[in-house]
Amino acid sequence: MRVIFIASEANPYIKTGGLGDVVGSLPKYLKKLGEEVFLILPFYKNIKEKKLDLEFIDEDEIVIDKDIYRFKFYKDRLNFDYNLFFVENNYFFDRKGIYNEDNVDYPDNYLRFGLFSFASLKLSIKNLKPDIIHIHDWQTSLVPVYNKIIFNNNVKTILTIHNLAYQGIFNKDSLKSLGLPNNLFSIDKLEFYGNINLLKGGITFSDYITTVSPTYSKEIQKEEFGFGLQGVLKNRRENLIGILNGIDYDYWNPEKDKMIYKNYNFNNIEFKKENKMALFKELNLDFDIEKPLYSMITRITNQKGLDLILEIFDKFMELPINFIILGSGDKDVENRFLELNKIHKNKFLSLIKFDEELSHKIYASSDFFLMPSKFEPCGLSQMISLRYGTIPIVRSTGGLRDAIIEYNENVRCGNGFVFYDYESYELLDAIKRSLNLYNDREKLLKVIRIGMNSNFSWENSSKEYLKVYNKLLSF
Ligand code: ADP
């Protein structure tokens with residue numbers, strides 16, 4: 001079977017969050033199952049700077065009214081995990097940011113990603129002869145729309161929703177610039193409260209929809225997490241399922257990871273402490289090494305529960321702990337953490353940036369990882385933490401609920417700490433429970449072992465995707 005992924009990010013080429021991890025690893029695992037897999041990405045400035053070994057494949061133009069957009073297609077000669085293609089249009093993609101600059105979205109994102117979708121679909125149909133086209137989030141949601149409306153093609157499309165909070169909502173005039181007919185501006189198609197909603201187009205026009213955890217697939221059909229699309233999703237519930245994301249167990253592997261200071265597995269788990277020492281040294285920190293290190297590695301957005309962290313911050317700092325947060329996003333919240341950093345220098349550090357290598361070092365060095373999310377479609381950081389012997393403390397929502405079970409002496413499979421209501425005192429209580437565990441080495445090791453032995457790799461979940469593809473082809 002020939003499966004084409006069309007997406008806006010994929011690790012290690014370009015990544016802003018979990019979407020990049022998933023798109024960068026699932027194709028590899030589908031290939032291991034014997035499928036022929038292709039991935040098409042925009043040729044962003046920072047990918048260009050990597051000086052990859054590329055082969056020119058084709059060029060094409062899209063004409064909309066009097067506007068002509070030219071695209072070139074390249075293949076990466078050295079990616080043997082799957083077939084990787086780039087779509088080049090320098091006006092759209094030779095920019096400093098991916099989606100935004102200085103936290104302000106590019107106003108022409110509809111055109112950038114809409115026409116990328118158009119061009120990728122054209123390339124696929126002409127050169128790649130796909131059985132399935134698998135698209136991701138709002139950025140590529142126009143693929144099934146163009147597929148049915150412009151190309152009148154019957155190749156099967158599947159949309160994965162990684163986060164319903166981002167829908168790609170634009171002015172209704174954008175339809176014309178995207179070369180799409182006016183009749184799509186209707187409530188059963190792309191119209192959304194007077195605007196157009198690209199994700200809604202994906203949901204309506206794709207043949208099948210998946211999202212990234214079983215719990216989230218139910219949550220998004222309700223008002224609280226549906227962000228206005230709950231009705232549309234409910235209408236499509238016969239063709240909607242949740243498949244828990246996996247992580248790439250080759251890439252996230254404390255035994256082999258070249259980015260951490262010292263490799264380890266459960267049998268020499270004490271090497272985590274060496275990682276911690278080296279991290280403190282590199283970051284010039286005067287932290288007490290004997291105290292447990294709590295960490296967060298996160299996009300700084302409303303979704304991630306940072307308001308709860310800020311609410312308990314003083315009380316958290318009174319505990320015998322250290323805390324490091326690596327993240328970027330909302331400027332006000334970033335500044336709050338930078339201020340707090342000045343006050344609690346001897347036990348708290350905020351690193352305001354995106355830094356892949358540092359993230360690996362922090363996963364390896366930490367004792368506990370905090371994810372007090374308001375909502376979390378899947379969440380990968382809790383799985384990465386388990387793999388690195390770092391115990392997650394999470395709120396029970398979406399994929400966090402599907403992956404983490406509260407530790408309890410009487411429950412054998414407990415792998416972390418879980419709180420339920422979105423309340424800061426509940427978070428603080430969970431942190432205190434984790435501190436008790438830290439002081440009982442034998443029990444602590446049991447929980448670490450359960451986490452390190454669990455399997456959240458793509459090996460299981462990639463098979464679920466294959467089932468969906470096969471089902472689609474049998475329709
Ligand atoms: P989301 O997709 O909502 O951002 P996930 O938990 O699914 O959340 O995935 C987050 C991914 O992004 C993880 O691989 C995490 O380590 C990474 N990440 C988030 N923020 C940073 C950062 N500032 N620096 C490096 N990696 C980060």
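Structure above, values below:
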read-out	value
Interchain or long-range residues, amide H under 5 Å from Phe419's placed H	Val394, Arg395, Ser396
Equivalent ellipsoid semi-axes, the range 72-139, via Cα gyration tensor eigenvalues times 5, rooted, Å	24, 15, 12
Sorted largest first, extent of the range 270-309 alpha carbons per principal axis (Å)	34, 18, 17
C-alpha center-to-center spacing [the range 274-324, the range 80-124] in angstrom	35
Neighbour net charge for Glu191 - beta-carbon separation under 9 angstrom, K R +1, D E -1	+2
Diffusion coefficient, µm² s⁻¹, Stokes-Einstein with Kirkwood Rh over alpha-carbon pairs of the chain at 20 °C and 1.002 mPa s	92
Compactness index (Cα Rg / 2.2 N^0.38 Å), the range 361-406	1.04
10 Å beta-carbon shell around Lys32, net charge (K/R +1, D/E -1)	-1
Residue pairs, from the table Lys45/Lys258; Lys258/Lys304; Lys122/Lys222; Lys218/Lys276, whose Cα atoms sit over 30 Å apart	Lys122/Lys222; Lys218/Lys276
Cut-off under 5 Å, modelled amide H: who pairs with Leu326 long-range	Met296, Ile297, Thr298, Leu351
Semi-axes of the equivalent ellipsoid for the range 266-455, Cα gyration tensor, largest first, Å	23, 20, 16
Tail weight of P(r) past 20 Å, computed on alpha-carbon pairs of the range 186-319, percent	68
Karplus-derived HN-Hα couplings along the range 4-9 (A = 6.51, B = -1.76, C = 1.60, θ = phi - 60°), whole Hz, x at Gly and Pro	10, 8, 10, 8, 9, 7
Helix-only [θ]222 nm of the chain, DSSP H runs n ≥ 4, -39500 (n - 2.57) each, per residue, nearest 500	-11000 deg cm²/dmol
Rg over Rh, two decimals, the range 121-181 (C-alpha only, Kirkwood Rh)	0.98
Fewest-first sequence of Arg236, Arg412 by Cβ atoms within 10 Å of each Cβ	Arg412, Arg236
Dimensionless Rg over Rh [the range 1-67; C-alpha; Kirkwood]	1.04
Semi-axes of the equivalent ellipsoid for the range 301-408, Cα gyration tensor, largest first, Å	22, 16, 15
Over the range 184-226, volume per residue of the alpha carbon convex hull, in Å³	80
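We did not get these values from a lab; they are worked out from the coordinates using the rules stated. All of these numbers come straight from a predicted model, not from anything done at the bench. Glycine gets a Cβ as well: all are built from the backbone with ideal geometry, and neighbour counts include every protein chain shown.
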